[in-house]
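Input: a single structure, listed below in structure tokens.
The values are calculated or read from the model by the stated rules, or taken from the named source; none is laboratory data. For clarity, every value in this text was computed on a predicted model and none was experimentally measured. Methodologically, a virtual Cβ is constructed for each residue, glycine included, from the backbone with ideal geometry; neighbour enumeration extends over all protein chains shown.
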Amino acid sequence: MDRQLLERTDTGMPTRAVALDIDKIRADFPALKRRVGDFHLAYLDNTAATMKPRQVIEAISEFYSLRPANVHRGIHLLSEESTDAFEAARAKVATLLNAARADEIVFTRNTTEAINMAAFCLAERLKPGDEVLCTALEHHADLIPWQVLRDRKGIELRFAAVRPDGRLDLEDWYSQLSERTKIAAFAMVSNVSGSENPVAEMCAAVRRVGAISLVDAAQGVPHMPVDVQAIGCDLLACSAYKMLAPFGIGALYGRYSLLEQLPPYQTGGSMISSVSLEQTYFAPPPSRFEAGTPAVGDAVGWAAAIDYLQGVGMQALHERELELSRYLHERLSEVPGLKMLGEYYPGKPGIASFGLDCAHPHDIAQFLNEEGVAVRAGHHCAEPLHRALGFDSTVRASLYLYNTEAEVDQLIHALHTVREIFA
Ligand SMILES: Cc1ncc(COP(=O)(O)O)c(C=O)c1O
């Protein structure tokens, strides 16, 4: 099942063909060998969480076997090794995102915590009358923190509309961006419609009005090369478990000159320069934002996941996903009575949300599970987006580097069976 893919340079020009050996990749993932009854497991719930390769599992196991000591505080061998591994993981995330320096990576629990941290730390810069510009296609993690900020600070929260085709209404977004905008927060890729926003162009516009940009890249970083310097964002959030790594860790990237100006999110150990009973001096970023003992083992696992992904090649992975996304959307369009949330366009990432006219999404997902197909049903933490496009809930199928055309076929076959049973 070798796929010849074109690797591209920064200019987008193809340079050389690389093969993504999907059989070889699949062999690295123990969970993908599982079966559901008599069926092959077709794991198509990658937007929610990806599977983990043995290289990541082994790296975590090695860390806990050999050096499970706390970081930063010990002068003994195991603590030094643990600290080195933790900081090496930070450097690896920085390299993945092309951050200017490792200190621009703040480890968090996940994207949600990263965005909450940003909203909390930016609060003191805002005054009544200021505006935050968000969009109607956000995951709740990039929506509720801004509502809370609005209520705390008496600012205005605006939402750019979503178009019927599932894409952000850029015209509306531009019309709402103004000198009053102090923060603009938007997703790189919608976790429901799968549509991708032109984040570099949007960040440039945010910069022009003197506001701060925050990119929710939970569905971007795992799936494509992401270069924070080229994007020009001030802040960017992502989660590790959506890119082969363990649960429990994510990151807030922040331009260092901005991070330096922000107050801490939480306070306590590990985030100080000095403490007296009267006063505390906070450590510089990123420690200032990492109070308490961090998820060291998870960071080690994330570093191994990045090694794995970079071994495959982010561009090669992206091209393969786009190819499989086209196949998924083509095949879904053959299913009678299937209504897509949003429309396919060439280059659309591999996320497809839909309903069937004959059954509720939860019943569909349950039936698909019996046929070995793992998908998700619900509003996927994006109720406003569903409502805007006339859905209560949807079934969502989403792809990653180990998925195959045969698994898409398994999904389509099961959907036809659903229709036969329910219609
Ligand atoms: C676009 C997007 N933003 C934010 C999140 C929240 O991520 P987490 O639950 O890891 O904090 C998700 C999770 O699926 C997402 O897809």
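Among residues of the range 380-409 that are touching a residue at least 40 places away in the same chain (Cβ under 8 Å), those with a Cβ under 7 angstrom from a residue that is of a type in the set (F, W, Y) and part of a strand (DSSP E or B), sequence gap 6+ or separate chain, pair up as T394/F354; V395/F354. Whether any residue in the range 83-96 is within 16 Å of the ligand (Cβ to nearest atom) and surrounded by 23 or more Cβ atoms within 10 Å (Cβ to Cβ) is what I want to check. Looking through the range 83-96, at least one residue is within 16 Å of the ligand (Cβ to nearest atom) and surrounded by 23 or more Cβ atoms within 10 Å (Cβ to Cβ). Checked against the criterion of being closer than 19 Å to P263 by Cα, away from the ligand (no atom under 16 Å from the Cβ), touching a residue at least 12 places away in the same chain (Cβ under 8 Å) and buried (at least 23 other Cβ atoms within 10 Å of the Cβ), the candidates E104, E124 yield just one match: E104.
Every residue, every condition in (1) surrounded by fewer than 24 Cβ atoms within 10 Å (Cβ to Cβ); (2) free of Cβ contacts under 8 Å to residues at least 60 places away in the same chain; (3) not acidic (D, E), yes or no:
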| position | (1), (2), (3) |
| --- | --- |
| R207 | yes, yes, yes |
| V215 | no, yes, yes |
| P225 | yes, no, yes |
| S239 | no, no, yes |
| I249 | no, no, yes |
| S257 | yes, yes, yes |
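Within the range 348-357, not a single residue is within 30 Å of T83 (Cβ to Cβ), in contact (Cβ under 8 Å) with a residue 40 or more places away in the chain and of a type outside the set (K, R). In the range 385-397, is there at least one residue being at positive phi and not assigned by TED's automatic domain parsing to the domain that holds A136? Looking for residues that are at positive phi and not assigned by TED's automatic domain parsing to the domain that holds A136, one finds at least one in the range 385-397, hence yes. Consider the range 127-149 and keep the residues that are of a type outside the set (G, A, S) and surrounded by fewer than 19 Cβ atoms within 10 Å (Cβ to Cβ). The one that is farthest from R387 (Cα to Cα) is K127. Residues of the range 39-48 include at least one that is within 16 Å of the ligand (Cβ to nearest atom) and of a type in the set (A, V, I, L, M, F, W, C).
As a summary of the residue check, L177 satisfies the conditions (1) within 24 Å of the chain's Cα centre (by Cα); (2) surrounded by 17 or more Cβ atoms within 10 Å (Cβ to Cβ) except for the one numbered (1). Look at (1) more than 12 Å from the ligand (Cβ to nearest atom); (2) under 20 Å from the mean Cα position of the chain (by Cα) and you find that I115 fails only one, number (1). Residues in the range 143-201 that are charged (D, E, K, R) and touching a strand residue (DSSP E or B) at 6+ places or on another chain (Cβ under 8 Å): R150, E156, R158, D169, D172, R180, K182, E196.
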